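Every number here is computed from the coordinates shown, using simple stated rules; none is lab data. These numbers were taken from a predicted model, which means no experiment stands behind them. No Cβ is skipped: glycine too gets one built from the backbone with ideal geometry, and neighbour counts run over all protein chains shown.
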Amino acid sequence: MGDSILKDVNDFCEKLRPTEDVCYLEHRYNDQTIPLARESNVLGLPVPKEFGGRDADNFTYIKALERIGMEGSGIRSFFSVHSSLGQKLLMRFGTDNQKEKYLKPSTKGQIILAFALTEPDAGSNPLELKTSFRKDGDSYVLNGTKYLITNAGIADTIIVFAKNASNDMSAFLVDTDREGVEREDLVSKMGTPTTNTGMFELTDYRVPQENILGKEGDGWSIAKQGLIDGRMSVAAGCVGSIKDCLIEAVQYSKERVQYGKPIAKHQLVQEHIASIKVHLSASRMMVRRATMLKDKWDKDPDDRAKRRKADLAVAEAKLFCANAAYDAADRAVQILGGRGWSFLYRPGRHLVDNRVCRIYEGADEILKLKIASGVLGDEYRAYS
Ligand SMILES: Cc1cc2nc3c(=O)[nH]c(=O)nc-3n(C[C@H](O)[C@H](O)[C@H](O)COP(=O)(O)OP(=O)(O)OC[C@H]3O[C@@H](n4cnc5c(N)ncnc54)[C@H](O)[C@@H]3O)c2cc1C
């Protein structure tokens, strides 16, 4: 089963690459991503078969994200929010009706999902978010602004986090075709041009009562669980990106001749190749370890010790892989010399796109603090 999933993911990636190349150079959204993903049936990889998904186990899903990561962190980001955050949260917290109404169609691309925690004044510390909700009859009324949200401009349904007057956070399924949502794309992005990032404003937006995800007040717990899967997907995607950088660097260094021989025969070029390879092996091992611990927790979701181990292993993997992927891309650019400093070649795109992996889903600094307090004990947490 895993093999057929990975074959379909590979077919999707191969079909996507030509349009991805053109869209990246033209710095525009790739509108072929969803149709091609639908054609290859890869829009519901971790979702059980009864809801139309492919039922990929954790290890197969991680390999799929690794393969998608070879196409770039932008394309992988689309899958991170649609599947790792959106679908997995619906699988874990959705009611039967929500699964029928949102999860099932999402596996066929009839519904595209997004996850909106960040706001203009609440990034690293989402507890400072200001989006508000209040109960009014049999619906909730939401007001606020969400910022830097992947898929915001293309999503049909967004998981939105908001607080009530008592400061309790809840999560809501917000349909973007209803009155009270204003969306705007982020156009001046440094990288990932082929995927959508945007902001939106909710003004007296009415959410029917049945669209609360989980229980009222469970929002922060839901967000944190989502972020574990989100970070896992970033780490796995980075492994793919490093692999692609290695392929590009090896091929180019064998073809390019300077000082009478292929540059691959110059020892300082070999040093770059060796470093990229070590980054690849180490990152892959960290992701496998994190996946193993995550898998144990998934099978025993109420076990707090398993959750803590998985959470920390995923944070370590995300921190390590994001930095390794950035360094690998930098080295691959160096091997390509002047040509490397161009979006015509893939390493330059990886360099720019991998940079954001050190910012979203827990910036480097936040993950370091999390890992350190995991070692030292909660009383040594550097932030409140
Ligand atoms: C392309 C892109 C896509 C994104 N997609 C999503 C999405 O789909 N959904 C979503 O909810 N969010 C998304 N985000 C938002 C992302 O998660 C935030 O940008 C991230 O959490 C950092 O928040 P911030 O940008 O407000 O930076 P800030 O929180 O303002 O941080 C700025 C700097 O200060 C550092 N810093 C902050 N606090 C501390 C501290 N206590 N100690 C040490 N250093 C600290 C940070 O590490 C960082 O280096 C996306 C962002 C980008 C760029």
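Do you know the relative contact order of region 2-111, to the nearest whole percent, from alpha carbon pairs under 8 angstrom that are 6+ apart? The normalised contact order for region 2-111 reaches 31 percent. The chymotrypsin sites (Phe, Trp or Tyr not before Pro) of region 232-327 that meet both conditions, a loop assignment by DSSP and at most 15 other Cβ atoms within 10 Å of the site Cβ, are TYR259. Report the residues of region 153-173 in range of a label on SER132: point 7 Å along Cα→C-beta, backbone N strictly under 13 Å from it. In region 153-173, the label zone of SER132 (backbone N under 13 Å from the point 7 Å along Cα→Cβ) covers 163-168.
Comparing SER342, SER188, SER373 in a Gaussian network model of the chain (Cα springs below 10 Å), the most mobile by mean-square fluctuation is SER188. Counted over all Cα-Cα pairs of region 219-380, pairs farther apart than 23 Å make up 44 percent. Looking at the chain alone, DSSP beta bridges between its own residues are antiparallel in about 85 percent of cases. Per the Debye formula with a single identical scatterer at each Cα and no solvent contribution, what log10 I(q)/I(0) holds for region 114-213 at q = 0.13, 0.16, 0.20, 0.25 Å⁻¹? Per q value, in the given order, log10 I(q)/I(0) is -0.41, -0.62, -0.94, -1.40.
Here is the link list: LYS104/LYS309; LYS318/LYS370; LYS49/LYS318; LYS15/LYS63; LYS277/LYS306. Which ones come out longer than 20 Å on Cα distance?
LYS104/LYS309; LYS49/LYS318; LYS277/LYS306
Between amide H atoms placed 1.01 Å from N, distances below 5 Å from TYR205 occur with LEU142, all of them 5 or more places distant or on a separate chain.
Using only the Cα atoms of the chain, what semi-axes does the equivalent ellipsoid have when each is the square root of 5 times a gyration tensor eigenvalue? Give whole Å, largest first.
The answer is 36, 23, 20 Å, longest axis first.
Derived scalar couplings between HN and Hα for region 3-15 equal 5, 5, 5, 5, 5, 5, 5, 5, 4, 4, 4, 5, 6 Hz in order, rounded to whole Hz, by the Karplus curve 6.51 cos²θ - 1.76 cosθ + 1.60 (θ = phi - 60°), x for Gly and Pro. Considering helices alone, the calculated mean residue ellipticity of the chain at 222 nm is -16500 deg cm²/dmol, with DSSP H runs of length four and up weighted by -39500 (n - 2.57) and normalised per residue. Ignoring aspartates and glutamates fewer than eight residues from LYS368 along the same chain, the ones with Cα atoms less than 16 angstrom from its Cα are ASP311, GLU316, ASP378, GLU379.
For ASP55, the residues 5 or more places off, or on other chains, whose built amide H falls under 5 Å of its own are VAL47, LYS49. Building the convex hull from the alpha-carbon atoms of region 2-111 and averaging its projection over directions returns 6.2 nm². For ARG256, the residues whose amide H sits under 5 Å from its own are ILE263, ignoring neighbours fewer than 5 places away on the same chain, with H placed 1.01 Å from N.
Across region 116-125, computed HN-Hα scalar couplings (Karplus, 6.51 cos²θ - 1.76 cosθ + 1.60, θ = phi - 60°) run 10, 10, 5, 9, x, 10, 9, x, 4, 10 Hz from first to last residue, x flagging Gly and Pro. Remark: region 330-347, residue by residue, has Karplus-estimated 3J(HN,Hα) of 4, 5, 5, 4, 4, 5, 7, x, x, 5, x, 8, 8, 6, 5, 10, 5, x Hz, where x stands for each Gly or Pro and the curve is 6.51 cos²θ - 1.76 cosθ + 1.60 at θ = phi - 60°.
As a rough guide to protection, the peptides 7-13, 313-319, 115-121 ranked by mean Cβ packing within 10 Å, highest first, stand as 313-319, 115-121, 7-13.
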